[in-house]
Amino acid sequence: MAMYATFIDVALRVWFRLRMIAIRPLFAAYGRRFDFDPDGIYSFRTITVGDDVSLGLRPVLIATRAQIRIGNHVMFGPEVTIRGGNHRIDIVGRLMKSVTDGEKRPEDDPGVVIDDDVWVGARAIILAGVTIGRGAVVGAGAVVTHSVPPYAIAVGNPARVVRFRWDVDTILAHEELLYPAEKRFSKSYLDKLQRCEKLSALQRGNDDR
Ligand SMILES: CC(C)(COP(=O)(O)OP(=O)(O)OC[C@H]1O[C@@H](n2cnc3c(N)ncnc32)[C@H](O)[C@@H]1OP(=O)(O)O)[C@@H](O)C(=O)NCCC(=O)NCCS
């Protein structure tokens, strides 16, 4: 029985790999070490993926006209959804379902960018127009309606930045170890990001009162 279970396990893994290899060329572009679930749902020709990317189990990545761009060293938990576009909901006298893709404006399909070294938690939903910055983390179950700054951790619905992974000096040290000088963020840019996030958190706190 144990041998039979091992045989089935190996056969299923091989079948999974073979299907992945067969389907992979349908993506607009992809790099080395790209793993994805062949049972996920993808608008292949509008999705580009970098090196060393794992899209997790059963993701739904759909952009009919815009692009979903995923960088390098990105990992998704299971069942992440990315939507690169919206239906039009603004035309008076028209049923929403009757509006065709051809009637969409560029702003209806702004696409999604996931930068390098991002971790997206299980069942997160990332909506059109969002950029997830380098090194950021999206919590499980988050609904991301606004862009997430580099190295931030965003959770909840709607997703809010709860903190940054590190202070600015630690991010600078981290980037120095990983990226060439011309690709690193500057101290002033990172300072500004963290100040802005603190300010919006304060403003939200005031609004809630
Ligand atoms: C985002 C995440 C990494 C944060 O972990 P962390 O840094 O340890 O965060 P903390 O546990 O200190 O949480 C900070 C706050 O955010 C809240 N929080 C954390 N994750 C959350 C989530 N996914 N959704 C909503 N709130 C969340 C915590 O309750 C806490 O709030 P509090 O201060 O009011 O108590 C983690 O919670 C997460 O969602 N991981 C994804 C797991 C996953 O999907 N794995 C799949 C395998 S790839």
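The values are calculated or read from the model by the stated rules, or taken from the named source; none is laboratory data. Keep in mind it's a predicted model, so treat the numbers as computed, not measured. Glycine also receives a Cβ, built like all others from the backbone with ideal geometry; neighbour counts cover every protein chain displayed.
Surrounded by fewer than 18 Cβ atoms within 10 Å (Cβ to Cβ), at pLDDT below 95 and either among the charged types (D, E, K, R) or not assigned by TED's automatic domain parsing to the domain that holds S147 (or both), is that true of R65? For R65, the condition - surrounded by fewer than 18 Cβ atoms within 10 Å (Cβ to Cβ), at pLDDT below 95 and either among the charged types (D, E, K, R) or not assigned by TED's automatic domain parsing to the domain that holds S147 (or both) - is met. With respect to G85, determine if the residue is away from the ligand (no atom under 16 Å from the Cβ), surrounded by 20 or more Cβ atoms within 10 Å (Cβ to Cβ) and part of a loop (DSSP other than H, G, I, E, B). Here the answer is yes, as G85 does meet what is asked. Residues in the stretch 11-69 that are more than 21 Å from I132 (Cβ to Cβ) and acidic (D, E): D39 alone. Selection of first residues in the stretch 147-172 that are among the β-branched types (V, I, T) and of second residues that are assigned to a loop (DSSP other than H, G, I, E, B) and surrounded by fewer than 22 Cβ atoms within 10 Å (Cβ to Cβ), restricted to Cβ pairs under 6 Å at least 6 apart or on distinct chains, gives the following pairs, ordered by first then second residue: V148/G133; V155/G139.
For the subset of the stretch 117-138 comprising residues that are in contact (Cβ under 8 Å) with a residue 40 or more places away in the chain, more than 10 Å from the ligand (Cβ to nearest atom) and under 10 Å from the mean Cα position of the chain (by Cα), which member is farthest from S54 (Cα to Cα)? My answer is L127.
Which residues, taken from the stretch 139-184, are polar (S, T, N, Q) and more than 16 Å from the ligand (Cβ to nearest atom)? S147, the sole residue that qualifies. Here the condition is being under 30 Å from R45 (Cβ atoms), crowded, with 20+ Cβ neighbours inside 10 Å and modelled with pLDDT of 95 or more; of I114, I171, it holds for I114 alone.
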